[in-house]
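For reference, the structure discussed in these notes is given below.
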């Protein structure tokens, strides 16, 4: 079981309604959620040292590609780098997989929030215990 | 060669005609002259015969009578004998001046030589008469009477000479008369003969020429009649719709069997024919241009839509100027084209499936998340916030419906039935259809639509939208292929009105169209894409669609990319056109 203080999430989606609903759901399930609606805002927050345990982003953002945000997060210093990186996308992906995107979880929209939250929590726990 | 011979024959004929006319005129003039001369001579002859000798003869008779009276009275002078002498002498005296004063006497050339002699005898007579008049009651003695007799006796010789001269003159006149009587029998007859012959030849030649002309005209008329009959048979037999109508009252004068089968078998004044003519008229661009191409659809009374394409031409038909429509039934071609267009649209939809799925997934995801949150709120008993969730779910369902509507609208089968539509809305719909895909591809869309919302063009709206979608997808594909070359991903869609034309342009900066295919870019199966992308028919169909809207589409390279420019006529209602005309 992860303490509430450790369940921090930076949520990035240019779809405002979706970001709000996701944020609300994760908040209600014990996550401390920061919401941003653009890739640049998320980038700024990460650089400023927000250091969430988890980064959840859409693959297609209005101002930048979600994969670029993930790549940038990977490049952060270990102390402020998100431990878990999650991508949700509405695209039908061809050869794109979670490995070549460099993410831990890749889910197609519309995602099941219960399963996603459970998976994220399990994976985060395993990362923390490693 | 034939032309030369014909010219020669015509010249020769003209020459003969002129010669005949000239000859006839000369002969007529000669005959007239002869007639006048003959008449004058006859007149002269009559005068001469009446005069010559007659005057001298009368004078001679009177002289003889006078001499006889003088002799008788000289035997036994008496008052009675004297009166007889006086009467005779006075008559003689009156006859003598006639010899040289009358017109007839002047005809004799020798007479002037005798005038002094005659006047001498007149003086002798006058003296005698004066003596008698001085003493009227005195009987003239025998000696005086004999003296006068002797004095007048030589007058007989003078008169005889004049008489002989007259006789000689009359003889010459008689000869001339005889000659005259003989000569006219030949010359005028010959002249008349030549005149008549010339006239007859002239008339015959003219008749021959007229007959030849008549034969030529009859032959030409027969050929024209045959040709007309052949043409009518051809028109009846040909597998094309041929309709002749009077453009003044829009009444059909002729419709070949195929036209009657396809359009209507009703009388030419029926509503169906009027509707047909109106459809043809509405498809014309401009006014009464000659040989203008017409292409239109016509819905028959049984609901079937015919596609017809051909020409409208002015013709002389049944003696007056009318219009002829010669049309091919292109319904099957139209149906095949529609199938190709449909296939092309479905291919486009297939290419866009990924973007469409993404677009639909967005509202679905929001709905799912909102539903999950609503369930949680419900479980917690927080019904106050539930309504907001349901509103959000409804809004997202509406969003998904719009997307599916758009797909359904784009994918539905189309007809080529033209009707006015709002251009700006059509462009907006086309752009919104590809916007998601552009967003996914990271291509910026710059939209500058300087169009009134109410501006309309005539055509099939979804087909026009397909044209814009095709151009935008082509631009996207061009960027996909040239991304490695660092092309800047921006596509501009512009539209503006210029008078009665509206232009719509789609321009990218993806390197442009290769020069080798620029001139054939609208030909079927011209493409630079791989086999997995596109059919090579998109631009060809686009041009067909735009031409069907009486517009034109051209391609060029500009600003580092391809520029497709569409020009369309602005649709005006009849009332607006009438106002503009006024």
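Here residue A:106 fulfils each of the conditions (1) in contact (Cβ under 8 Å) with a residue 24 or more places away in the chain; (2) surrounded by fewer than 19 Cβ atoms within 10 Å (Cβ to Cβ); (3) under 11 Å from the mean Cα position of the chain (by Cα) apart from (1).
Among the candidates A:116, A:56, which residue alone is within 14 Å of chain B (Cβ to nearest Cβ), assigned to a strand (DSSP E or B) and buried (at least 18 other Cβ atoms within 10 Å of the Cβ)? I'd like the intermediate steps shown before the answer.
On the way: A:116 fails: assigned to a strand (DSSP E or B).
Exactly one of A:116, A:56 is within 14 Å of chain B (Cβ to nearest Cβ), assigned to a strand (DSSP E or B) and buried (at least 18 other Cβ atoms within 10 Å of the Cβ), namely A:56.
Among residues of region A:28-46 being more than 10 Å from chain B (Cβ to nearest Cβ) and part of a helix (DSSP H, G or I), the one that is surrounded by the fewest Cβ atoms within 10 Å (Cβ to Cβ) is A:44.
Here is a yes/no grid of residues against (1) within 14 Å of another protein chain (Cβ to nearest Cβ); (2) surrounded by 12 or more Cβ atoms within 10 Å (Cβ to Cβ); (3) not in a helix (DSSP H, G or I):
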position: B:354; (1), (2), (3): yes, yes, no
position: B:362; (1), (2), (3): yes, yes, no
position: B:372; (1), (2), (3): yes, yes, no
position: B:376; (1), (2), (3): yes, yes, no
position: B:379; (1), (2), (3): yes, no, no
position: B:383; (1), (2), (3): no, no, yes
position: B:387; (1), (2), (3): no, no, no
position: B:391; (1), (2), (3): yes, no, no
position: B:394; (1), (2), (3): yes, yes, no
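Taken over region B:128-149, the criterion of being assigned to a helix (DSSP H, G or I) and surrounded by fewer than 11 Cβ atoms within 10 Å (Cβ to Cβ) is satisfied by B:130, B:133, B:134, B:143. Exactly one residue out of B:184, B:239, B:257 is surrounded by 11 or more Cβ atoms within 10 Å (Cβ to Cβ) and at pLDDT 85 or above: that is B:257.
Is region A:68-87 home to any residue that is within 12 Å of chain B (Cβ to nearest Cβ), under 12 Å from the mean Cα position of the chain (by Cα) and buried (at least 19 other Cβ atoms within 10 Å of the Cβ)?
Looking only at region A:68-87, we keep the residues that are within 12 Å of chain B (Cβ to nearest Cβ), and these are A:68.
The next check asks that each one be under 12 Å from the mean Cα position of the chain (by Cα); those that pass are none.
Within region A:68-87, not a single residue is within 12 Å of chain B (Cβ to nearest Cβ), under 12 Å from the mean Cα position of the chain (by Cα) and buried (at least 19 other Cβ atoms within 10 Å of the Cβ).
From A:125, A:101, grab the single residue that is more than 14 Å from chain B (Cβ to nearest Cβ), surrounded by fewer than 21 Cβ atoms within 10 Å (Cβ to Cβ) and closer than 16 Å to residue A:31 by Cα.
A:125
Taking only pairs six or more apart or across chains, which ones have beta-carbon atoms under 7 Å, a first residue in region B:138-164 that is at negative phi, and a second residue that is outside any helix (DSSP H, G or I) and modelled with pLDDT of 85 or more? Short answer, once both residue conditions are applied: B:139/B:77; B:139/B:78; B:140/B:77; B:141/B:77; B:142/B:77; B:145/B:77.
Among the residues of region B:425-456, which ones are in a helix (DSSP H, G or I) and more than 14 Å from every other protein chain (Cβ to nearest Cβ)? Write out each step before concluding.
Of the residues in region B:425-456, the ones in a helix (DSSP H, G or I) are B:425-441.
Those that are in a helix (DSSP H, G or I) and more than 14 Å from every other protein chain (Cβ to nearest Cβ): B:425, B:426, B:427, B:428, B:429, B:430, B:431, B:432, B:433, B:434.
Contact annotation: residue pairs with Cβ atoms under 6 Å, 6 or more positions apart or on different chains, pairing a residue in region B:362-385 that is at negative phi with a partner that is part of a loop (DSSP other than H, G, I, E, B) and modelled with pLDDT under 90, are B:362/A:15; B:362/A:90; B:364/A:110; B:365/A:109; B:365/A:110; B:368/A:110; B:377/B:385. Here residue A:81 meets the list (1) part of a loop (DSSP other than H, G, I, E, B); (2) closer than 23 Å to residue B:385 by Cβ almost entirely, failing just condition (2).
Among the residues of region A:1-25, those that are within 10 Å of chain B (Cβ to nearest Cβ) and either surrounded by 16 or more Cβ atoms within 10 Å (Cβ to Cβ) or modelled with pLDDT under 90 (or both) comprise A:13, A:14, A:15, A:17, A:18, A:19, A:20, A:21, A:22, A:23, A:24, A:25.
Scanning region B:236-265 for residues that are in a loop (DSSP other than H, G, I, E, B), out of contact with any strand residue (DSSP E or B) (no Cβ under 8 Å at 6 or more places or on another chain) and under 18 Å from residue B:315 (Cβ atoms) yields B:238, B:248, B:249, B:250. Exactly one residue among B:390, B:455 is over 21 Å from residue B:540 (Cβ atoms) and touching a helix residue (DSSP H, G or I) at 6+ places or on another chain (Cβ under 6 Å), and that residue is B:455.
Out of A:49, A:62, which single residue is assigned to a loop (DSSP other than H, G, I, E, B) and under 19 Å from residue A:21 (Cβ atoms)?
On the way: A:49 fails: under 19 Å from residue A:21 (Cβ atoms).
Just one listed residue meets the conditions, A:62.
The values are calculated or read from the model by the stated rules, or taken from the named source; none is laboratory data. Computed from a predicted structure; not experimentally measured. Ideal geometry is used to build each Cβ from the backbone, glycine not excepted, and the neighbour counts take in all protein chains shown.
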